[in-house]
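The values are calculated or read from the model by the stated rules, or taken from the named source; none is laboratory data. It should be emphasised that the depicted structure is a prediction, and the values quoted were computed from it without experimental measurement. With ideal geometry, Cβ positions are generated from the backbone for all residues, glycine too; neighbour counts draw on all protein chains shown. Quick note on the areas: whole protein, heavy atoms, side chains included, nothing else; ligands and nucleic acids left out. Shrake-Rupley method; radii C 1.70, N 1.55, O 1.52, S 1.80 Å.
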Amino acid sequence: MPIRLLRILLTVALGLALLGTVVGLGFWLFALATGQPLQTTLAVVTDTPGRALPVVDAAGRAVGSMLFDHGRLDVQAGGAGYRILQGIDLAASGGLTIAMLLWLRRLTLSIGAGAPFATPNAGRLRRIGAAMVALSLWRVASDVLAQALLLPRIAPDDPGIVLLSSVSAAVAGKAGVRIDLTIDPALLLTGLGVLALAEAFRAGAALREENEGFL
C-alpha cells in the first residue's frame, strides 16, 4: 500500500478514535451526572445444555445441529465503583488506541521520508507493541472487575435461574447462566510480534549507524 494512502487512512482512523473516545466519555459524564450508568452488554452462556435444533440437507438427512446455549446480557445498573470503572475503561481503551495510531502515523511519516531504520522508529514500534499487550490485558481485567462489581447488584427475575461469574461454582438446584469471559489472543500475539519487530528495527538502526561511522 502506498505510504501516502496509508497516512490518509491512519489520519481518518485517528480522527474516528478521537471522536469515539470523546463521545463515549461525554455519554459517561452525562450518565454520571444523572445517576444512571451506561448500558453494559456481556455475553452469557448456560451451564446446562441448551435447546438443539437439527440441521438437515436437501435430502432431509440430519447433518448437524444448532445449539441455543449462548445469549447476551444488556443491563443498566451498578454502584459508584462500577460507574468509575466504566469511565476508566473508556479512557484507557480510547487513550491506548489513540496513542497507537499516533505512533503508527509518525512511523509511516519516517518511512515515507526514506528513513525506516531511524533510531526513533524502534522506540515507536516498542511503544505500539506494549500498548497492544496492555490493551489486551486490560480488556480481560476490566471484564473480571465488571463482573465483581456488577453481579452482586443484579439477578434474573426467575428464582430457578442464577447469574454466575465466569469462575463461580454452579449452584445446586438452579439453572446457571454464566458470564462468558472470552479471551481473544489475537491482540496480545500481535503486540508481542510488534515488540519482536521493534528489536529488529533497533538492531537495524544500530547497524546503519555503525556503517555510517565507517564512511
Being surrounded by fewer than 17 Cβ atoms within 10 Å (Cβ to Cβ) and in a helix (DSSP H, G or I) narrows it down to one residue among 128, 183, 111; which is it? 111
From 197, 188, residue being open to solvent by 70 Å² or more (accessible area, probe 1.4 Å) and in a helix (DSSP H, G or I): 197
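Table: residues versus (1) within 30 Å of residue 207 (Cβ to Cβ); (2) among the charged types (D, E, K, R); (3) in contact with a strand residue (DSSP E or B) (Cβ under 8 Å, 6 or more places away or on another chain); (4) assigned to a helix (DSSP H, G or I).
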| position | (1), (2), (3), (4) |
| --- | --- |
| 115 | yes, no, no, no |
| 120 | yes, no, no, yes |
| 138 | no, no, no, yes |
| 147 | no, no, yes, yes |
| 151 | no, no, yes, yes |
| 156 | no, no, yes, no |
| 159 | no, no, no, no |
Kindly list the number of the only condition in (1) within 24 Å of residue 142 (Cβ to Cβ); (2) part of a loop (DSSP other than H, G, I, E, B); (3) aliphatic (A, V, I, L, M); (4) open to solvent by 70 Å² or more (accessible area, probe 1.4 Å) that fails for residue 88. (2)
Please list, ordered by first then second residue, the pairs with beta carbon atoms under 9 Å, 6 or more apart or interchain, first in the range 76-87 and farther than 12 Å from residue 29 by Cβ and in contact (Cβ under 8 Å) with a residue 40 or more places away in the chain, second among the polar types (S, T, N, Q) and not in a loop (DSSP other than H, G, I, E, B). 76/40; 77/40; 78/40; 78/86; 82/40; 85/142
Residue check, residue 33 exposed (fewer than 14 other Cβ atoms within 10 Å of the Cβ), in a helix (DSSP H, G or I) and more than 23 Å from the chain's Cα centre (by Cα): yes
Quick one: which of 154, 183, 161 is under 29 Å from residue 80 (Cα atoms) and in contact (Cβ under 8 Å) with a residue 60 or more places away in the chain? 154
What about residue 42, is it surrounded by 12 or more Cβ atoms within 10 Å (Cβ to Cβ), farther than 23 Å from residue 13 by Cβ and touching a Gly at 6+ places or on another chain (Cβ under 8 Å)? no
Selected residue [farther than 28 Å from residue 97 by Cβ and of a type outside the set (Val, Ile, Thr)] from 20, 60, 24: 60
Regarding residue 98, is this residue β-branched (Val, Ile, Thr), modelled with pLDDT under 90 and in a helix (DSSP H, G or I)? no
The listed residue being of a type in the set (Lys, Arg), surrounded by fewer than 17 Cβ atoms within 10 Å (Cβ to Cβ) and closer than 30 Å to residue 100 by Cα, out of 208, 153, 139, 202: 208
Condition (residue is touching a strand residue (DSSP E or B) at 6+ places or on another chain (Cβ under 7 Å), closer than 25 Å to residue 95 by Cα and surrounded by fewer than 12 Cβ atoms within 10 Å (Cβ to Cβ)) applied to the range 45-63: is it met by at least one residue? no
